[in-house]
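This report refers to the structure that appears directly beneath it.
The values are calculated or read from the model by the stated rules, or taken from the named source; none is laboratory data. Note that the structure is predicted; figures quoted are calculated from it, not measured. Methodologically, a virtual Cβ is constructed for each residue, glycine included, from the backbone with ideal geometry; neighbour enumeration extends over all protein chains shown.
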């Protein structure tokens, strides 16, 4: 028989530092991925709620999630590590291309063109379906 726990607030073991369960549910990463587009043929090193990544072109990839989001209003954040300068930069993206896919890419600030393949670390926040 399945059990269910219903609470409004969580507290630490000493009864302090309370947080509403809605904050926990809404404020956590719903998906994340670490993968290498440079040397490991888009191998996923580790992930949560990620089904696959696809190499679209140089410096551009799509990231597919296992459990879809409720809409395309989510937010992605991340960082890249590259072999060409700058060796570390923030991740860029078109946010969500669908409820189950994100597009991520590296660009140069000067020309806004796709730059180079990278090792990616990215996370997504939003409401799951």
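Go through the range 12-40 and count every residue that is touching a strand residue (DSSP E or B) at 6+ places or on another chain (Cβ under 8 Å) and part of a loop (DSSP other than H, G, I, E, B).
Start the filter on the range 12-40 by keeping residues that are touching a strand residue (DSSP E or B) at 6+ places or on another chain (Cβ under 8 Å), which leaves 18-21, 24, 27-38.
Restricting the remaining residues to those that are part of a loop (DSSP other than H, G, I, E, B) gives 18, 27-30, 37-38.
So the count comes out to 7.
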### Task
Kindly establish whether residue 22 is under 21 Å from residue 122 (Cα atoms) and either at pLDDT 90 or above or exposed (fewer than 12 other Cβ atoms within 10 Å of the Cβ) (or both).
no
Across the range 55-68, the tally of residues that are in contact with a strand residue (DSSP E or B) (Cβ under 6 Å, 6 or more places away or on another chain) and within 13 Å of residue 100 (Cα to Cα) stands at 6
